[in-house]
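Please read the structure below before turning to the comments.
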Amino acid sequence: MQISIQRQIAMLEQIPRHPSRITANDVTDRLQNRDYDIGLRTVQRELKAMHDMGLFGLVLDDRSKPFGWSIAACWRSLNLTLMDNHMALAFHTLKHSASELLPPQSLKQLTPYFERADQVLGNDPDNPWLYWACRVAQLPKQFPLIIPERDPQIFETVQSALLYKRQIACQIKRVFKEKSYWIDYSPINPEGIHISDGVALLTFTVGKVDPTLYAKSIDLLRDVRLLDTPSITRSDLDIAQSQNKRASELIEIELLFSASANFIMRNAKLCEDQTVQQLEDGRYRVNASVRDTPGLRTFLWNMADKVEVVAPVKLRAHFTRLLNKMNARYQSAAT
């Protein structure tokens, strides 16, 4: 029975939404290409049976041969009773990150799937998939600040602007000479949302001709208004990489790590072609080509006495200045 259900789900995945259509012959070929041992007669019989039961919004176009199959344009969901443990675990996992990664319209459509997933996993206390869900979790990075909850209306407006490629107008909080001001910006072209350490950043450009990418926490936006004008977007943007490459240069870095450094213990890499050499005193010399980003500098600063920056000179001087400032400040406080 389980194999039959999985095959029928795979069969339904091949059928397009109306007005597009597909023949039973094409469905059979696609299933056979996915290593399903099934013939044309079986496909015809099962499609007809699901159609006659009124399941899945199946529409049969029998005006001419070969007959065509499609999913009704108004159909919005699958029969949730077919959800198995694998799919339930996937929806259970998605639910915990969906609120930030999916637009509200999608969340509303997925709510029945989340509820059904909880039912499938919870119907048997000895269910191994339920045990897995309770024992495996991806925890957010610990952030030492308590950040006020973002305004859900502002976040939803920004999400809608990104989803429908529309411009927005808003005020952005800026600091000049130690004083805060709310500055009007219009129009703004949303390019993407980047979530890091619980903070949602909006990546955007301003106006019609400025190609410069900016990134601001959505918490620093207010009076956000959705405009009727289409957003002017950049085709070369990769939101997953944009924050790492903004205003950063490629450098050849040389570091000295202690043998107990977590970086060395985990056999981690700064880049794919880095070199590692153990010295006579037990330390490790690491050479790599990396981008000089705030994240890199934070990583090195957090390593404290476990790492020494040897090169480039500019980066070593940066940490020398920081250490001198910290030393002077703490010495002064102690005195």
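For the stretch 264-297, which positions are farther than 18 Å from residue 311 by Cα and among the hydrophobic types (A, V, I, L, M, F, W, C)?
264, 265, 268
Mind listing whichever residues of the stretch 172-185 are exposed (fewer than 14 other Cβ atoms within 10 Å of the Cβ) and within 13 Å of residue 207 (Cβ to Cβ)?
184
So is residue 216 within 27 Å of residue 295 (Cβ to Cβ), in contact with a Lys or Arg (Cβ under 9 Å, 6 or more places away or on another chain) and either open to solvent by 70 Å² or more (accessible area, probe 1.4 Å) or free of Cβ contacts under 8 Å to residues at least 12 places away in the same chain (or both) or not?
Here the answer is no, as residue 216 does not meet what is asked.
When you scan the stretch 138-153, do you find a residue that is surrounded by 13 or more Cβ atoms within 10 Å (Cβ to Cβ), modelled with pLDDT of 90 or more and part of a helix (DSSP H, G or I), even just one?
no
Within the stretch 251-308, how many residues are part of a loop (DSSP other than H, G, I, E, B), among the polar types (S, T, N, Q) and open to solvent by 50 Å² or more (accessible area, probe 1.4 Å)?
2
Filter the stretch 17-49 down to residues that are within 36 Å of the chain's Cα centre (by Cα), open to solvent by 40 Å² or more (accessible area, probe 1.4 Å) and either at pLDDT 90 or above or not acidic (Asp, Glu) (or both), then give me how many there are.
12
Considering only the stretch 101-117, state which residues are in contact (Cβ under 8 Å) with a residue 24 or more places away in the chain and open to solvent by 70 Å² or more (accessible area, probe 1.4 Å).
The answer is 101, 105, 109.
Could you tell me whether residue 188 is open to solvent by less than 80 Å² (accessible area, probe 1.4 Å) and not in a strand (DSSP E or B)?
Judged against the criteria, residue 188 is not a match.
Can you report the number of residues in the stretch 88-97 which are surrounded by 16 or more Cβ atoms within 10 Å (Cβ to Cβ) and of a type in the set (A, V, I, L, M, F, W, C)?
3
The values are calculated or read from the model by the stated rules, or taken from the named source; none is laboratory data. Please read these numbers as outputs of a predicted model, since none were measured by experiment. Ideal geometry is used to build each Cβ from the backbone, glycine not excepted, and the neighbour counts take in all protein chains shown. Protein only, heavy atoms only, side chains kept; ligands, DNA and RNA dropped before computing areas. Shrake-Rupley method; radii C 1.70, N 1.55, O 1.52, S 1.80 Å.
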